[in-house]
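These notes concern the structure reproduced below.
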Amino acid sequence: MASSPDPPFESQPPGISLDELAAAFAQVMGGPPPRTAEPAAESGAPADGPVAAVGSTPPVAEPTLPKAAEEDDSCPVNPRTILEAMLFVGNRDNRPLSAARAADLMRDVEPDEIPSLVGELNRSYAARRAPYRIIGEGDGYRLTLVRECQSLRDRFYGRIREARLSQVAIDVLALVAYQQPLTGEKIGQLRGRPSNHVLAHLVRRGLLRIERPEGKRRTPHYYTTDRFLRLFNLQSLDDLPRSEDAGPP
């Protein structure tokens, strides 16, 4: 059986949301709020979003953020730095940041421009020998530590408890790894029995993640995670062992 280290935190600590960050950048750049607002179900904010809520407070003569930006331009406000800040903040539910979502939160930026911005940031990180990179995950992006620094993160969080994975859990992981994305119903059909409790356990362990495609929001699709790759010492899904008759992952 494989051992799965428990994640140090089960949820994201409270903090600024992507909508609040986008509104702040829009304020700095002297423009209107971003085109869309984060759904209330994800952020915990009212349907109008954090920007609308500010309107109920007394107006201030001179916002702090633009003033600070004028005094210190060491971090220029442009699409690249805004994207970097969004990736640093992340989603409250720890989902990857999609290109469409990132473009919606910025002005005058289209989704097809996001990959080139990601490439620019990664080249900058590599040139500076930064300990982090932006990786693609599913249909989005995530800021993560380079492999050489991941052991340092584990030391920072302290001793990691080991949890044994049952053969059933390993079987479900294998199904998802080789055929992702899969729905819970499809996994149950492939195994010949319901698998919802096993899937929930693997999501809690951080070995599987859920995405809900547009038009099918009520049907979760399961994918493996970076933590799954680390657990099985894989660089990518291309490194999965396969036989001659095995299909693509």
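Values quoted throughout were computed directly from the atomic coordinates according to the rules given, and no laboratory measurement underlies them. Here the structure is a predicted model, which is why all the values come from computation and not from measurement. We place every Cβ from the backbone using ideal geometry, glycine too, and count neighbours over all the protein chains shown.
Look at the dipole of the range 99-249 built from charges on Cβ: of 122, 197, 174, the Cα furthest out on the positive end belongs to 197.
For the listed peptides 132-143, 113-124, a ranking on the average number of other beta carbons within 10 Å per residue, highest first, reads 132-143, 113-124. Modelled this way, with points 7 Å down the Cα-to-C-beta line, the labels at residue 216 and residue 238 are 2.6 nm from one another.
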